[in-house]
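The values are calculated or read from the model by the stated rules, or taken from the named source; none is laboratory data. As the structure is a computational prediction, the values presented were derived from the model and not from experiment. Glycine gets a Cβ as well: all are built from the backbone with ideal geometry, and neighbour counts include every protein chain shown. Just the protein is used for accessible areas: all its heavy atoms, side chains included, with ligands, DNA and RNA removed. Shrake-Rupley method; radii C 1.70, N 1.55, O 1.52, S 1.80 Å.
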Protein chains: 2
Amino acid sequence: MPTYTAPLRDIDFVLHEALKVSQADIPGYEDLTPDLTGPVLEEAGKIASNVLAPLNRVGDQEGTSLVDGKVQVPNGFPEAINVLREGGWTSLDLDVDYGGQGLPKLMHMAAGECFSSANHAMVMYGGLTHGAWNTIFAHGTEAQKHTYLPKMANCEWFGTMNLTEPNCGTDLGLMRTSAEPQDDGSYKITGTKIFISAGDHEMGDNIIHLVLAKIPGGPEGIKGVSLFIVPKYLVNDDDSLGERNAVRAGRLETKMGIHGNATCEMNFEGATGYLLGQPNKGMSAMFTLVNEARIGTGAQGYCIAEAAYQNAVAYARERLQMRAVTGPANPDGPADPIIVHPDIRRTLMDQRSFIEGARVFAYWCTMQADRVSRTDDAGAQGLLSLVTPVFKAFSSDKGYEAATDAQQVLGGHGYIEEWGMSQFVRDVRIAKIYEGANGVQALDLVGRKLGADGGKHTMAYGVMIKGLADRLIQNEALTDMVGKPLMAGLGDFQSAGQYMMQNGMKDPNAALAGSTDFLHLMGHLTMGYMLALSAEAAQAALEAGTGDAAFYTQKLLTVRHYFNRHLPMTRMHLKRIQAGPETVMAPDAAAF
Amino acid sequence: MPTYTAPLRDIDFVLHEALKVSQADIPGYEDLTPDLTGPVLEEAGKIASNVLAPLNRVGDQEGTSLVDGKVQVPNGFPEAINVLREGGWTSLDLDVDYGGQGLPKLMHMAAGECFSSANHAMVMYGGLTHGAWNTIFAHGTEAQKHTYLPKMANCEWFGTMNLTEPNCGTDLGLMRTSAEPQDDGSYKITGTKIFISAGDHEMGDNIIHLVLAKIPGGPEGIKGVSLFIVPKYLVNDDDSLGERNAVRAGRLETKMGIHGNATCEMNFEGATGYLLGQPNKGMSAMFTLVNEARIGTGAQGYCIAEAAYQNAVAYARERLQMRAVTGPANPDGPADPIIVHPDIRRTLMDQRSFIEGARVFAYWCTMQADRVSRTDDAGAQGLLSLVTPVFKAFSSDKGYEAATDAQQVLGGHGYIEEWGMSQFVRDVRIAKIYEGANGVQALDLVGRKLGADGGKHTMAYGVMIKGLADRLIQNEALTDMVGKPLMAGLGDFQSAGQYMMQNGMKDPNAALAGSTDFLHLMGHLTMGYMLALSAEAAQAALEAGTGDAAFYTQKLLTVRHYFNRHLPMTRMHLKRIQAGPETVMAPDAAAF
């Protein structure tokens, strides 16, 4: 069975050396010293390894079921969720006035990495709740906040998000779920939602559904969508639980992966709901949750890849097969461990360099989110908004590739379920789809984010990359390895941006035919930036002779591997963009 | 539920226009006119759509089980196999003296494409038998051939290949299964084999296992491996079935996909076996089967991708979501079909251009195999041997990507098992692993095939590409689109080959660290060649005005899409190769 060990050394490096978080000018970050982060994350790592990881395959095999109208989760899940609840892991970064502990989001991300690597299907129950908490916190009335948030903070009550319907996912304007106003100011919600993660179960006393629905007579399409709080059990005025609301899980979906999570069709049959935020402004309220979820979904990509990588490495060290081409490395054994073979090493380094870059990327995004919520920095908001679709899609696309590559290391055993590698691939697969399919992320990036606020944030992004490239070009040890290639990648980005501007105006299809390529170009460039920060820190540590030279030397090799073999993909994506839309747009629909 | 329709128009184009098979100078090919191939493949397509495809999901859901020592296959599989048997589909290309119909292998490939797209797990039962048939035909005594082949030709008896053991897959020299010589000239086979596809079932009267084992006292390692025929039921002298042999399925594996195929652990407990071919020459005899199986496995990649693509297109035409960016395409409906969106079209064209190129590649390989078996052409043998690992690994790698991309088109529905897209991904995944994992194919290519016979076949390959590129550079309509880019790809191939020669001699790791990149470079270049042949034929047909202009116009667009967006990957792979082995070889095993 696969195991998982939290990569605490690398997490520590990312926090304190690559990103130097305690020196970042963000209120609260001054406390994020190694003295604080170290013990917290060590404990998170222990729970991940000892409590969550052993239940990962259990969740895959047992799945969820609907028995007598109640959703059964896999054995052990309720107890494990209790461990998270009792350790305060569900509320690390939530507001202290509403049951939280007030730490930066970054601590939630770093601890969450460990949990997600260990058992993503389980983590989702709390993850959705966390998103719902933030949405109510941002848009709820004081009364709503007091009623729901303290109990949701520790998952005494869980939360969900209900967007998709059978006839609409991306295009929520087609929504049919309705919300009839009642005399008491509440609404009656009627309709069917599908693909609702953690939609129903018995692990908490209540489930607070956030539901998008249309108030009859409102504006057409997406502008007539409002957001509602629909509790599974209604809450009495004294905060005790009242009657069962008319919302039920109609069926559970049989999915390719994340079997441990209950993916429900939810039927609302005149359920009582309460408006959250303004009428007809449901989409923008829901986007509080969606944006957080997109960073989390991107993280799922590299987190599951990390777990898959660890198990591929363990297998490659143990499995004896053939001799090293340069002579036996294990002369007393019947063969050498396959980790001696160049192609095995090549694929492991591909996986590793992606994972380490994506970790910096994830934490960096979360720093921006902290900066936004703690300082109202419009620049950080713009930058985060620009890179969110990039991180979501790039990290899930590459995480899927990396997990597939890790599975491949095990050969035939990788295909057999009991080895657990198939589960990693099947579980990470959903990250490319949910929270907006990756093609929709590319559309969001090219169609909306690139030109937002007159392209200001795109320019700021370029300035940020250029600043680091300039600095590293001056750094003798890193100029050829990192500085110049990063600048070359930036050049490809600028050429691609130019193509988009020059062609997208007269023919939007010209821009959109290259949208996924643009997203991946930017993904590689941002990874280059994150890994360049890492190289700079590692080089400085080596020069300072602070010890742990093996770690920093390996870090430089890992960065070099990415810069040699992956960053140059920016040029390939540029070529594809410049190839234009004709072969894409010319065929008749019937010709496909 | 997914459906499948045989792409008969494209198959016809590949056979008669791109490859012009009836004009190829191969005995028997003169009969392969459209009059013959058309009706045969039309019938194959009908069986694929109506008999095999409806059982594809049944096989996935029911899987196989071991009940009272007998392997149960999914409902409907025995009857469907009967349809194939009675239609003579299992013996199309087998020798007429031993129960076959004597057609070229190419007809087996083209019909097999339809069957494999429709239900690969089912097709494998006959596929393994076909390989075993060819191995006995090539290496058996006249008595062995008469005993086994006629009944195996129509799958009255099935066949299997038994190579892998718990401690060895790639490195068969570590094998422990033994073969003790008996006084009557037979052997007692003892050992355990794993991952045996179609290892046991009750669909035929007998199963003829081909088993690699070591005769005690023979040479060490791979040079001491011999091949044996081990029937499930011994065959009496009068060809009637005798006693049950001591070979049994010990367990069935639970796999990521191909659930309909029984993947068995086979226990040989002093089973009676008969030497096939020469003692200690088992590997070279088994390679008859392996080489055929590698082409078949490569084909699995594009065949399953074809089925996935068809269902993605169907969904994209039906699913209404958002409006085309240039204005409503379906103004009377609530939204436009998603096939209007550029990124959906881009991914469909990616899938399609791969599939159409791989089809030519597969058929071209099979033509070489026919040339070899019908003319003993050493050049064709060398060329086939060179490209076999390329086709196997490239088509399975890209087939997996294409199936994943097709699944993505369905968004959340793609992740739900009942839509069937997950099955395509899970089923095609094995093609990257079995018959030699793709990394082993790259090792075979770079370590063995490139330099075989003094590099003669590699040079012949280059001459072949150059010949076509030269000709198309002279073709005004195709010079920029196809001729020059093909020549540029060839240049990348030559530079990569030069790197391998110059560096591989002094440091084999330098060559092997780039082996997968070399394979993919050559994969793209060969795809370029195949699609260039297609473009040449399409252009000629358009100029001749023979009708069906829509088909040829679309064909040119598809080729152009690949040349614009995928063929340039040769440059990227070259860069990776030239980056050298340091980041791959320098890390300690402990540092991963």
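The table below lists the values:
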quantity	calculated
Count of the stretch A:354-401 residues which are basic (Lys, Arg) and either at positive phi or modelled with pLDDT under 95 (or both)	0
Any hit, the stretch B:527-538, residues being closer than 20 Å to A:Ala591 by Cα and within 13 Å of another protein chain (Cβ to nearest Cβ)	yes
Meets criteria (within 14 Å of another protein chain (Cβ to nearest Cβ), at pLDDT 95 or above and outside any helix (DSSP H, G or I)) for B:Gly199	yes
Residue under evaluation B:Lys151, criteria (1) out of contact with any Lys or Arg (no Cβ under 9 Å at 6 or more places or on another chain); (2) open to solvent by 20 Å² or more (accessible area, probe 1.4 Å); (3) assigned to a strand (DSSP E or B), criterion not met	(3)
Checking A:Leu410 against (1) touching a strand residue (DSSP E or B) at 6+ places or on another chain (Cβ under 9 Å); (2) closer than 25 Å to A:Phe195 by Cβ; (3) in contact (Cβ under 8 Å) with a residue 24 or more places away in the chain, the condition it does not meet	(2)
Filtered residue count, the stretch B:338-355, keeping only those that are more than 7 Å from chain A (Cβ to nearest Cβ) and without any contact (Cβ under 8 Å) to a residue 40 or more places away in the chain	2
Extreme residue, surrounded by the fewest Cβ atoms within 10 Å (Cβ to Cβ), among residues of the stretch A:278-306 that are among the hydrophobic types (A, V, I, L, M, F, W, C) and either out of contact with any strand residue (DSSP E or B) (no Cβ under 6 Å at 6 or more places or on another chain) or in a loop (DSSP other than H, G, I, E, B) (or both)	A:Phe287
Matching residues, the stretch A:549-571, being open to solvent by less than 10 Å² (accessible area, probe 1.4 Å) and either facing chain B (nearest Cβ under 8 Å) or closer than 18 Å to A:Gln494 by Cα (or both)	A:Thr558, A:His561, A:Arg565, A:Leu567, A:Thr570
Among (1) surrounded by fewer than 24 Cβ atoms within 10 Å (Cβ to Cβ); (2) without any contact (Cβ under 8 Å) to a residue 60 or more places away in the chain; (3) more than 9 Å from chain B (Cβ to nearest Cβ); (4) touching a His at 6+ places or on another chain (Cβ under 9 Å) - the single one A:Leu521 does not satisfy	(1)
Output for the stretch B:32-45, where each listed residue is touching a residue at least 40 places away in the same chain (Cβ under 8 Å) and open to solvent by 30 Å² or more (accessible area, probe 1.4 Å)	B:Val40, B:Glu43
Qualifying residue in the stretch B:577-588 (condition: at the interface with another protein chain (Cβ under 8 Å from one of its Cβ atoms), within 32 Å of the chain's Cα centre (by Cα), open to solvent by 30 Å² or more (accessible area, probe 1.4 Å) and not aliphatic (A, V, I, L, M))	no
Residue check for B:Val123: open to solvent by 20 Å² or more (accessible area, probe 1.4 Å) and either aromatic (Phe, Trp, Tyr) or touching a helix residue (DSSP H, G or I) at 6+ places or on another chain (Cβ under 6 Å) (or both)	yes
Residues of the stretch B:202-215 satisfying the condition of being assigned to a loop (DSSP other than H, G, I, E, B) and either surrounded by fewer than 21 Cβ atoms within 10 Å (Cβ to Cβ) or touching a helix residue (DSSP H, G or I) at 6+ places or on another chain (Cβ under 7 Å) (or both)	B:Glu202, B:Met203, B:Asp205, B:Ile215
Residue ID - most open to solvent (accessible area, probe 1.4 Å), chosen from residues in the stretch B:163-196 that are in contact with a helix residue (DSSP H, G or I) (Cβ under 7 Å, 6 or more places away or on another chain) and assigned to a strand (DSSP E or B)	B:Phe195
Members of the stretch B:396-446 that are among the polar types (S, T, N, Q), over 20 Å from A:Val409 (Cβ atoms) and either more than 7 Å from chain A (Cβ to nearest Cβ) or open to solvent by 10 Å² or more (accessible area, probe 1.4 Å) (or both)	B:Gln407, B:Gln408, B:Gln423
Tally, over the stretch A:141-157, of residues that are out of contact with any strand residue (DSSP E or B) (no Cβ under 8 Å at 6 or more places or on another chain) and farther than 28 Å from A:Glu79 by Cβ	5
Scan of the stretch B:320-340 for residues that are open to solvent by 40 Å² or more (accessible area, probe 1.4 Å) and either of a type outside the set (Ser, Thr, Tyr) or closer than 30 Å to B:Tyr529 by Cβ (or both), ordered by number	B:Leu320, B:Met322, B:Arg323, B:Val325, B:Pro328, B:Ala329, B:Asn330, B:Pro331, B:Asp332, B:Pro334
Checklist (1) of a type in the set (D, E, K, R); (2) closer than 27 Å to B:Met530 by Cα; (3) surrounded by fewer than 20 Cβ atoms within 10 Å (Cβ to Cβ) applied to B:Asp10, failing item	(3)
Meets criteria (over 25 Å from A:Val428 (Cα atoms) and facing chain B (nearest Cβ under 9 Å)) for A:Gln321	yes
Per-region count, the stretch B:247-272, residues open to solvent by 30 Å² or more (accessible area, probe 1.4 Å) and either among the aromatic types (Phe, Trp, Tyr) or over 29 Å from the mean Cα position of the chain (by Cα) (or both)	1
Selection count where residues are among the hydrophobic types (A, V, I, L, M, F, W, C), farther than 17 Å from B:Ala532 by Cβ and assigned to a helix (DSSP H, G or I), scope the stretch B:16-39	2
Condition broken by B:Leu275, with the remaining ones in (1) touching a Leu at 6+ places or on another chain (Cβ under 8 Å); (2) open to solvent by less than 20 Å² (accessible area, probe 1.4 Å) satisfied	(2)
Filter result (aliphatic (A, V, I, L, M) and crowded, with 22+ Cβ neighbours inside 10 Å) within the stretch B:307-319	B:Ala307, B:Ala308, B:Ala312, B:Ala316
Residues (within 22 Å of B:Ile577 (Cβ to Cβ) and open to solvent by 20 Å² or more (accessible area, probe 1.4 Å)) located in the stretch A:346-378	A:Arg346, A:Asp350, A:Arg352
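For (1) under 20 Å from B:Gly159 (Cβ atoms); (2) assigned to a helix (DSSP H, G or I), each residue gets a yes or a no:
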site	(1), (2)
B:Asp60	no, yes
B:Val71	yes, no
B:Asn75	no, no
B:Val83	yes, yes
B:Gly102	yes, no
